[in-house]
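What follows is a short report on a single structure.
The values are calculated or read from the model by the stated rules, or taken from the named source; none is laboratory data. Everything quoted here is computed from the prediction, not taken from an experiment. Neighbour counts are summed over all protein chains in view; Cβ atoms, including those assigned to glycine, are modelled from backbone coordinates with ideal geometry. Side chains included, ligands, DNA and RNA excluded: accessible areas come from the protein's heavy atoms. Shrake-Rupley method; radii C 1.70, N 1.55, O 1.52, S 1.80 Å.
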Amino acid sequence: MKINKGVFFVLLGAGCFGFTPVFAKTGFGYGYSLGQINLVQMVISFLLLWSITFLKGFGMKGLTKKNILPIMITGCFIGLTSIFYYGAMQYLPASLAIILMFQFVWIGILFEWAFNKIKPAPITIFAIVLILIGVFFASNILTGDIQGLPIKGFVMGILSAFTYAAFIFFSGKVAVEVHPLTRTSLMVTGSTILVFLIFMKDIPAVFPLEGNLVMSAAGVSLFGAVLPPLFYAVGAPLISGGLANILTSVELPVAILSASIILAETVTALQWIGIVLILVAIVLNEIGPNIIRMRNRTKRTILRPHNKN
């Protein structure tokens, strides 16, 4: 029963994150700038997360002078991801920006290699190659539809992948003894400060607060910064890390489908092939090493000489 509950909440969190492009694109459609949307959504995220944290009674439990700053610095990667990811959507179709951001999967593997000296296994390298082939198809290069799109959008999309991979990598190492909800609130605090520093000139443009701006920013906040961490905090401890990583990949097809259905973006058959290849590569990277270990263990058992006594 616990496994089913864990799967449900992780899938729910990933599905929520997949809807963020709809709200970001809607905000841009109303004419709001990247700075306006980020400023308002960070304030909403900050207020909601800290309110939930204190209502649940966690407050500042487990925090020390030594771990508060590292948590906030780690949270800055959330702010950077938000800036680059939604910034890419200003110049690219949401479906393409999502695919670029999803490159955090293989970038995270490179981080493990560079910082933890964990060399990727052959099956992991194969998964990376498969992801890159998937990106080739999913980006619509063959049809030439990406020609004429601003290079700035592609740069921001790839940067969002690097900052998201950095957030995942470092968030798993900083103050893990602190409750996830408190850590998330502090991380959002760090990202809020960063966003305010970067978009300081846009602060006056936020006022007077318009309903469409609040609606768009609230959607980005709820489905991007508030609900996914809460659902992950509930579901992830109930299942294995590998299964959680596989399940979170559902945000890719959800995001593509929402962009296709709600934003009316065209997604071709070749793009879907690319998306499927990316998902297969993620699953392969997570379960492949376990399958190989099981096969090797079975071979050793078969080849081991039996004791006649």
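Summary of values
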item: Probe 1.4 Å, protein heavy atoms only - accessible area per residue of region 33-155 in square angstrom; result: 47 Å²
item: Relative contact order of the chain, pairs being alpha-carbon contacts under 8 Å that are 6 or more residues apart, as %; result: 42 percent
item: Bins of 10 Å, starting at 0 and running to the largest distance - Cα pair percent for region 105-186; result: 14, 33, 31, 18, 4
item: Solvent-accessible area, 1.4 Å probe, carbon plus sulfur percent, for region 74-174; result: 75 percent
item: Of Ser221, Ser33, Ser95, the one that fluctuates the most in a GNM where the chain has Cα springs shorter than 10 Å; result: Ser33
item: Per-residue ³J(HN,Hα) for region 150-158, Karplus 6.51 cos²θ - 1.76 cosθ + 1.60, θ = phi - 60°, Hz, x for Gly and Pro; result: x, 4, 4, x, 5, 4, 5, x, 5
item: Which of Ile78, Thr184, Pro253, positive extreme of dipole for the chain (C-beta unit charges); result: Thr184
item: For region 176-186, 3J(HN,Hα) per residue [Karplus equation, 6.51 cos²θ - 1.76 cosθ + 1.60, θ = phi - 60°, Hz, x = Gly/Pro]; result: 5, 7, 7, 4, x, 5, 5, 4, 4, 4, 5
item: Structure-derived Cα Rg over 2.2 N^0.38 Å: which label, when the choices are (1) 1.07; (2) 0.99; (3) 1.15; result: (1)
item: Cα-Cα over 25 Å, subset of Lys56/Lys201; Lys5/Lys65; Lys61/Lys119; Lys25/Lys152; result: Lys56/Lys201; Lys5/Lys65; Lys61/Lys119
item: Low-density loop positions, trypsin sites (Lys or Arg not before Pro), region 1-71 - DSSP coil, at most 11 other Cβ in 10 Å; result: Lys56, Lys61
item: Lys, Arg +1 and Asp, Glu -1 on Cβ, resulting dipole of the chain about Cα centre, debye, nearest 20; result: 1660 debye
